[in-house]
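Participant: There's a structure below that I have some questions on.
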Amino acid sequence: MRAQIRKNDTIMIIAGKDRGKSGKVLRVLPERNRVLIERLNMVKRHSRARGPQSPHGIVDKEAPLQLSNVMIMCDKCSAPVRMGKKQLHDGRSVRVCRRCGEQLDR
């Protein structure tokens, strides 16, 4: 199944420790049904020194979230919404908000 959420979409987390927070999608991992969100779901990782350019220490980084735990944000509704598909006159298929009908593709 193709992921309906794409890079640079604004999404809101609907389940988990960061529930209610929103952010921008950095990366989508469709083969694992996961998504990376900017500055959300942060975890600490211990890193070994790999030379002078990457010292050792504890690093904060984003962890992937399950796609079922996020919803896309509509700009017009300013709320998390379900999305649908709509066929345009020129044959293109675009994502639309199920609540207000606004196009989600720019």
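The values are calculated or read from the model by the stated rules, or taken from the named source; none is laboratory data. In this text the structure is predicted, and so the values were computed from the model without any measurement. For neighbour counting, all protein chains shown are included, and Cβ atoms are generated from backbone atoms with ideal geometry for every residue, glycine included. These area figures cover heavy atoms from the full protein model, side chains too; ligands, DNA and RNA do not enter into them. Shrake-Rupley method; radii C 1.70, N 1.55, O 1.52, S 1.80 Å.
Participant: Which residues, counting only those in the stretch 30-58, are open to solvent by less than 60 Å² (accessible area, probe 1.4 Å), within 20 Å of the chain's Cα centre (by Cα) and either over 19 Å from Met73 (Cα atoms) or in contact (Cβ under 8 Å) with a residue 60 or more places away in the chain (or both)?
Facilitator: Passing the criteria: only Val43.
For every residue, the table says whether it meets (1) modelled with pLDDT under 95; (2) within 18 Å of Arg6 (Cα to Cα).
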{"site": "His56", "(1), (2)": "yes, no"}
{"site": "Gln66", "(1), (2)": "no, yes"}
{"site": "Asn69", "(1), (2)": "no, yes"}
{"site": "Asp75", "(1), (2)": "yes, yes"}
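Participant: Next question. Of all the residues that make up the stretch 67-102, how many are of a type in the set (S, T, N, Q), without any contact (Cβ under 8 Å) to a residue 24 or more places away in the chain and either open to solvent by less than 90 Å² (accessible area, probe 1.4 Å) or not in a strand (DSSP E or B) (or both)?
Facilitator: Within the stretch 67-102, residues that are of a type in the set (S, T, N, Q), without any contact (Cβ under 8 Å) to a residue 24 or more places away in the chain and either open to solvent by less than 90 Å² (accessible area, probe 1.4 Å) or not in a strand (DSSP E or B) (or both) number 2.
Participant: Out of the residues in the stretch 13-29 that are closer than 14 Å to Ser68 by Cβ and open to solvent by 40 Å² or more (accessible area, probe 1.4 Å), which is nearest to the chain's Cα centre (by Cα)?
Facilitator: For the stretch 13-29, the residue satisfying everything is Ile14.
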